[in-house]
Amino acid sequence: MEDVKIEDLDLYEVLEVEPSSSAADIKKAYRKKALQCHPDKNPDNPNAAKEFHQLSKILEVLIDETARKAYDRVLKGRKEAALRHKELDSKRRKLKEDLEAREKRGLNNFKEKSADEKLREEIERLRKEGSKQVEEELEKINQELKEQMKNKTSHWDSASHRIKIKWNVVKGDDKNGGYTQEMLHRFLSKYGNVIALVMSQKKKGSALMEYETRNGAEMAIEMERGLAENPLKLEWVNPPPERRNAPSSLVKPSDFESVILTKMRQAEERRKLIEQLKAEDADS
């Protein structure tokens, strides 16, 4: 793979975003692409490292306000020029190319810098200064990749270790004890990616679910209680085998404090969620 200059690419096209996209959308698209082409996930691709590095350089330009404006001017000029070029017949196109070549040679006589030169200066500035935002995104990519690799090597089979959920429903209650599919999903997705959630149509007050990771499933079973007035009961349909390196029953004070803080945070999140759901019900 030959080295391609950033200024010669359509950066938005590479990330599959629109030129009007926000910085947040650009970062999101970058993370998706970067995870796909990360060298650790593509050991058989000799160009993976270059592709990954190129994506970081693209992100660097597009999240820097000054560099992005410089790039947008260049991109706009190229698109307009390409459109004009396409509309010209062969003779006029040849004349135009000759004229542009003479104009380009004549630019050296002027102090005014071209849009391309300004863009190259911005790219060089970013190279020297570095970008804290890019560093942060790279750190997120590395952390997410570690989690993916960890989950991949753990051989977690969510279908073999589903969780059954139960709650009280009185006969004739058309509100199913106060729970909806959306509400359950919002409660449970705090612990990880929920890849399956099915509420029983025949038996009120029951559901089955699967988590993408074992950690998410274990945290949900331990911590989630749902609505205070009608608590949820979560348990394994088929519990996974005990971990080989199970933690010691001797808990350090610092570990105990961490567990308590985690549970307090989860309780506060649950309280806010309940209030939000009640408010939405009242509005509807």
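The values are calculated or read from the model by the stated rules, or taken from the named source; none is laboratory data. No experiment lies behind these values; they were computed from the predicted model shown. Don't worry about glycine lacking a Cβ; one is built from the backbone with ideal geometry, like all the others, and counts go over all protein chains shown.
Where the second residue is at pLDDT 70 or above and assigned to a helix (DSSP H, G or I) and the first is closer than 12 Å to residue 38 by Cα and lies in the range 135-160, which pairs have Cβ atoms under 7 Å and are six or more apart or on separate chains?
138/56; 141/31; 141/34; 141/35; 144/35; 145/35; 145/40
Which one of these is outside any helix (DSSP H, G or I), over 19 Å from the mean Cα position of the chain (by Cα) and either within 15 Å of residue 134 (Cβ to Cβ) or at pLDDT below 90 (or both): 74, 4? Talk me through it step by step, then tell me what you get.
Working: 74 fails: outside any helix (DSSP H, G or I).
One residue alone meets the criteria, 4.
Does any residue in the range 197-218 that is closer than 18 Å to residue 172 by Cα come within less than 8 Å, Cβ to Cβ, of a residue that is among the acidic types (Asp, Glu) six or more places away or on a different chain, and which pairs are these?
204/173
Filter the range 207-219 for residues that are buried (at least 18 other Cβ atoms within 10 Å of the Cβ) and either among the aromatic types (Phe, Trp, Tyr) or in contact with a strand residue (DSSP E or B) (Cβ under 6 Å, 6 or more places away or on another chain) (or both) and give the result.
Matches in the range 207-219: 207, 209, 210, 211, 217.
Output the residues belonging to the range 18-36 that are among the hydrophobic types (A, V, I, L, M, F, W, C) and surrounded by 13 or more Cβ atoms within 10 Å (Cβ to Cβ). Don't jump to the end; show me each part of the working.
Step one: filter the range 18-36 for residues among the hydrophobic types (A, V, I, L, M, F, W, C), giving 23-24, 26, 29, 34-35.
Selection gives 23, 26, 29, 34, 35.
Among 204, 233, which is touching a helix residue (DSSP H, G or I) at 6+ places or on another chain (Cβ under 7 Å), more than 26 Å from residue 155 (Cα to Cα), modelled with pLDDT of 65 or more and surrounded by 13 or more Cβ atoms within 10 Å (Cβ to Cβ)?
Working: 233 fails: touching a helix residue (DSSP H, G or I) at 6+ places or on another chain (Cβ under 7 Å).
Unique residue meeting the criteria: 204.
Tally up the residues in the range 193-242 that are under 13 Å from residue 161 (Cβ atoms) and among the basic types (Lys, Arg), please.
So the answer is 1.
So residue 239 ticks every box in (1) surrounded by fewer than 13 Cβ atoms within 10 Å (Cβ to Cβ); (2) of a type outside the set (Gly, Ala, Ser); (3) at pLDDT below 90 but one. Which box is left unticked?
Exception for residue 239: condition (3).
Check whether at least one residue in the range 37-47 is buried (at least 19 other Cβ atoms within 10 Å of the Cβ) and under 19 Å from the mean Cα position of the chain (by Cα), and report yes or no. Break it down stepwise before answering.
Going residue by residue through the range 37-47, those that are buried (at least 19 other Cβ atoms within 10 Å of the Cβ) are 38.
Remaining after also requiring under 19 Å from the mean Cα position of the chain (by Cα): 38.
The answer is yes, given that some residue of the range 37-47 is buried (at least 19 other Cβ atoms within 10 Å of the Cβ) and under 19 Å from the mean Cα position of the chain (by Cα).
Would you pick out the residues in the range 13-31 that are part of a helix (DSSP H, G or I), without any contact (Cβ under 8 Å) to a residue 40 or more places away in the chain and in contact with an Asp or Glu (Cβ under 7 Å, 6 or more places away or on another chain)? Before the answer, list the steps.
To start, the set of residues in the range 13-31 that are part of a helix (DSSP H, G or I) comprises 13-15, 23-31.
Next, from what is left, pick out any that are without any contact (Cβ under 8 Å) to a residue 40 or more places away in the chain: 13, 24-26, 28-29.
Matches in the range 13-31: 29 only.
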